[in-house]
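Single-structure report; data block below.
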Number of protein chains: 2
Amino acid sequence: MSLIYENENIKIETEASEIPWLKIFTQVAYKEMSEVPKEIKLEIYHLLDIIEREMLLYYKPTKINIASFGNYLPHVHWHIMARFEEDAYYPEPMWGEKKRKSTLSLPSFKNFCTNLIGNINGK
Amino acid sequence: MSLIYENENIKIETEASEIPWLKIFTQVAYKEMSEVPKEIKLEIYHLLDIIEREMLLYYKPTKINIASFGNYLPHVHWHIMARFEEDAYYPEPMWGEKKRKSTLSLPSFKNFCTNLIGNINGK
C-alpha cells in the first residue's frame, strides 16, 4: 500500500489488489467512527463521495463497495472499492469466497489516483 | 429480517444473525450512495452514528463493523454490526471465513431495538 494524499485530519492509501481499492484513515487513531469529531466524519463521507464518483466515471464498474471493519487494526479506516463482474470475488465482498480467476483489464490506477488528487484539491 | 423503523427517506431492518445486525435501506432504490440526495445521505450517516453508539452502550462489543456492498441487491443499503471475539467469524468480516462455533450469549435484541427506536424518535 502507499500514501497518495493526506491533510491534518485524514490520509488516503492505496490497497494492492486486482481492483481499484483505496483506504481513508483518520490521522488520530480513533477506534470507532462515533468517536471521530463531527467535522472529520463529514470530511470522510465527502471524500468517499468524491472517490465513488471518480471511480464510477473512470472505471464504469459494476458496483461500488464501501466498508469500515477495523477488527485486525482498531484504528478507524474506510475501504472503497470498484467492483466488476469479472473480478475474482464478485458478487461476494472482497473478504468473501473466491469465485474465479480474474480476467480484469483496467485503465491505469496511477492515472486514476492523479485525477482523484486533482479533484480533491479542487483543480 | 423484519422492519423496525421507517420514515419517508429510509427504513431500518434487522438481519437474522447470531450478532446484533441492522440494515438501513433508502426507500427509493438508488444503486450507488453518490446518487442519494445529500439530506438522505446525512440522515443515513446520522442513523449509523446513533445505532453505533447504542450498540456500544448496550452490548459493549469488541468492534463495530459497517459496510455497503449491494452486489447481489443493487439498492443502497448499509449494514451495521456489533462484533465480538467469541462470534463465529471474528476477526474476519461476517462475509469471511468461519473461525469457530459461536459461544455468544447476549442481552435481548428486542430490547435493544426498542431502546434504539426510542432514541431515534428523540424520547
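So here's what we get for this one:
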quantity	calculated
Cα-Cα separations in the protein assembly as shown greater than 33 Å, expressed as whole percent	16
Pairwise centroid distance, computed over Cα atoms, of the range B:6-43 with the range A:52-123, Å	21
Nearest-0.05 FRET efficiency for B:Lys101 and A:Gln27, computed from C-beta distance (R0 41 Å)	0.55
Size descriptor, Kirkwood hydrodynamic radius, that averages inverse alpha-carbon separations across the range B:2-120, Å	14.9
Inter-label distance, nm, simple model (7 Å from Cα along the C-beta direction), A:Lys38/A:Ser108	4.3
FRET E, pair A:Glu13, B:Tyr72, Förster distance 25 Å, beta-carbon r, rounded to 0.05	0.35
Helix-only mean residue ellipticity at 222 nm for the protein assembly as shown, each DSSP H run of n ≥ 4 adding -39500 (n - 2.57), per residue, nearest 500	-9500 deg cm²/dmol
Exercise: per-residue mean of other protein chain Cβ atoms within 10 Å, A:52-61	2
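We did not get these values from a lab; they are worked out from the coordinates using the rules stated. This is a predicted model, so every value here is computed, not measured. In this analysis, Cβ positions are derived from the backbone assuming ideal geometry, glycine residues included, and neighbour counts consider all displayed protein chains.
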